[in-house]
Amino acid sequence: MSTPTTTVLVFSHRPEVREAIITAIGRRPAPDLGRLHYVEAETVADVLSEVDAARADLVILDGEAQPTGGMGVSRQLKNEITECPPVIVAVRRKDDRWLATWSQADAVLVHPLDPLAAAETVAEVLRTKGKPVVPA
């Protein structure tokens, strides 16, 4: 029996930011969750295409992405997609957490990313807002 995977869409215009997010979270953020499959998006159009096609179980957005930041993209997704997957926004400063709240994100990661905190945040969002990945 194969373990189901969860597709995580990671958006940033900078490949090194996408890589940092993926590396911090890892392939399996918690023992009770299945493996994660990452899809990288460099543009907002890529994000919208993936979410519109319902190919993402979780979306992680770079709040500092250019020209459109992840917070604006998060708010757009939450307001325009009927069955929007959970969204996590990665911000540069703890003081920017309020902006992530405005963006309607389900959770926030703060750079520099702590691998334990990042994995725990992703696991919690998947458990509470995402679809179940491994039968109990």
Boolean, residue 109 is part of a loop (DSSP other than H, G, I, E, B) and out of contact with any Asp or Glu (no Cβ under 9 Å at 6 or more places or on another chain):
no
Give the residues of segment 77-95 that are surrounded by fewer than 18 Cβ atoms within 10 Å (Cβ to Cβ), touching a residue at least 12 places away in the same chain (Cβ under 8 Å) and not in a loop (DSSP other than H, G, I, E, B), sorted by residue number.
78, 79, 94
Extreme residue, modelled with the lowest pLDDT, among residues of segment 96-123 that are of a type in the set (Ser, Thr, Tyr) and crowded, with 16+ Cβ neighbours inside 10 Å
103
Per the filter on segment 19-39, residues under 12 Å from residue 59 (Cβ atoms) and free of Cβ contacts under 8 Å to residues at least 40 places away in the same chain are 38, 39
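The values are calculated or read from the model by the stated rules, or taken from the named source; none is laboratory data. As the structure is a prediction and not an experimental result, all values here were calculated from the model. With ideal geometry, Cβ positions are generated from the backbone for all residues, glycine too; neighbour counts draw on all protein chains shown.
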